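No lab work stands behind these numbers, since they all come straight from the coordinates. Bear in mind the structure is a predicted one, so any value in this text is a computation, not a measurement. Cβ sites come from the backbone with ideal geometry, for glycine too, and all protein chains shown count toward neighbours.
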């Protein structure tokens, strides 16, 4: 058990720290441009959020590569993995070229007709979009290399790369946004250049470490069968996230916004306060995807892996929630000075925490199901549970007076239902494999 505990945390901790560093420096980006002027801040916030969503969706590409590559690395089939990895990079180049060309061609009409950006800001917004769009191909390659390092269980480079990348990003932002050292003040354009510069440094670190490792050689190849399988997995994982994190929460946030400004603010402050905790469940999920896939049919080992993740998450949740609770109004007051919002935060802190714990556990169960090769079931579960829960909430919204407590009850119910479905499937898989073994 101690061996499995160390193995999980040797993977999960660097992954978590890389997530955390990214969030902290992203906040610093917002502070920098927020101090410049409102117009540029609006451009960065609106367009940057869209690019952030696109980047988050591409994260599924990294998981798809991990699911395909982990068994090959486990069996030391480095030649086959080289072909897979080279195909993934080639596919990434194709996607990148398509995305950048699409941005340049349709960017300006999209900004003016869809986002309704006025003519005074359109030119700067378009330049910002064109430059920031380069972060998408850079992230595709970073995700591919990070998948390799997670798969070989050498995840520390993720943390180091994230720290160096983010530091360069912030330094370049400060210089170019405010025009330090005699350079022109670029505002939002400076933020875009800083983001691209930081990611380029991160990618160079990944490439250098990859070649230093030397176990996998890059090839000039494109395997159509492997590319189809990668795209199949990517599409599946993308739609899992789409139904859970986009469609479902679109309905949730529409109901929360209808409750009023104060309730929306309370939920927002709680969400920000627990973001560091929820990232830990994603880190455990990312580690589990690798280890479960490598364990293949060793159900005893797999059960120990996800069991350790659940217990560790619970211990972290108790510590984290208790620390926020004991601090009283300190945490919410960092974000807001509104007394009503602070009091509301304190009143429903533990209730919100329970929802976050159940959501985190569900994320671990989903990662286990995907690692076991049942990603199609995970997708069907996401569609069935979150579509049904979205419809229930939409109907309830139009027939009842909802409160924030009611929303939290609904979120607990939704994620409890989702987690229960996944646990039943895991029990079913264990029963089937035990029967086959007999």
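Points to keep in mind about this one:
- Neighbour-count order for 77, 124, 3, 68, fewest beta carbons within 10 angstrom listed first: 3, 77, 124, 68
- With the helix formula -39500 (n - 2.57) applied to DSSP H stretches of n ≥ 4, the chain reaches a computed 222 nm mean residue ellipticity of -30000 deg cm²/dmol.
- Counted by neighbouring Cβ atoms within 10 Å, the residues 364, 131, 93 run from fewest to most as 93, 131, 364.
- Among 183, 288, the ranking by other beta carbons within 10 Å of each residue's beta carbon, starting with the fewest, stands as 183, 288.
- Estimated at 0.36 nm per residue, the fully extended path between residue 250 and residue 42 surpasses their Cα-Cα distance by 72.7 nm.
- Computed over the stretch 234-438: relative contact order in percent, which uses C-alpha pairs under 8 Å that are six or more apart: 35
- Extent along principal axes [Cα atoms of the stretch 101-167; Å; largest to smallest]: 49, 24, 15
- Shape category assigned to the stretch 1-222 from the gyration tensor of Cα positions, a/c cut at 1.5: prolate
- Rounded to the nearest angstrom and listed largest first, the equivalent-ellipsoid semi-axes of the stretch 315-361 from its Cα gyration tensor are 20, 11, 8.
- Of 362, 329, 162, the one that fluctuates the most in a GNM where the chain has Cα springs shorter than 10 Å: 329
- Computed extension gain for residue 335 through residue 27, at 0.36 nm per residue and net of the alpha carbon distance, reaches 109.7 nm.
- Residues in the stretch 416-431 reached by a label modelled at residue 299 [backbone nitrogen below 20 Å; 7 Å Cα→Cβ]: 420-431
- Prolate/oblate/rounded label for the stretch 196-261 (Cα gyration tensor, a/c 1.5): oblate
- Of 332, 184, 14, the one that fluctuates the most in a GNM where the chain has Cα springs shorter than 10 Å: 184
- Rounded if a/c under 1.5, otherwise prolate or oblate - the stretch 208-364, Cα gyration tensor axes: prolate
- For the stretch 94-138 versus the stretch 357-392, the gap between their alpha-carbon centres in whole angstrom: 33
- Mean Cα-pair separation over length for the stretch 1-222, i.e. relative contact order, pairs under 8 Å, 6 or more apart, %: 31
- When only Cα pairs below 8 angstrom with a gap of at least 6 residues are kept, the chain shows a relative contact order of 21 percent.
- Size of the stretch 288-412 from its Cα atoms: along the principal axes, largest to smallest, the extents are 54, 38, 19 Å.
- Taking each residue as 0.36 nm, the span from residue 235 to residue 164 lengthens on full extension beyond its C-alpha to C-alpha distance by 22.4 nm.
- Highest GNM mean-square fluctuation among 202, 344, 360, for the chain modelled with Cα contacts below 10 Å: 344.
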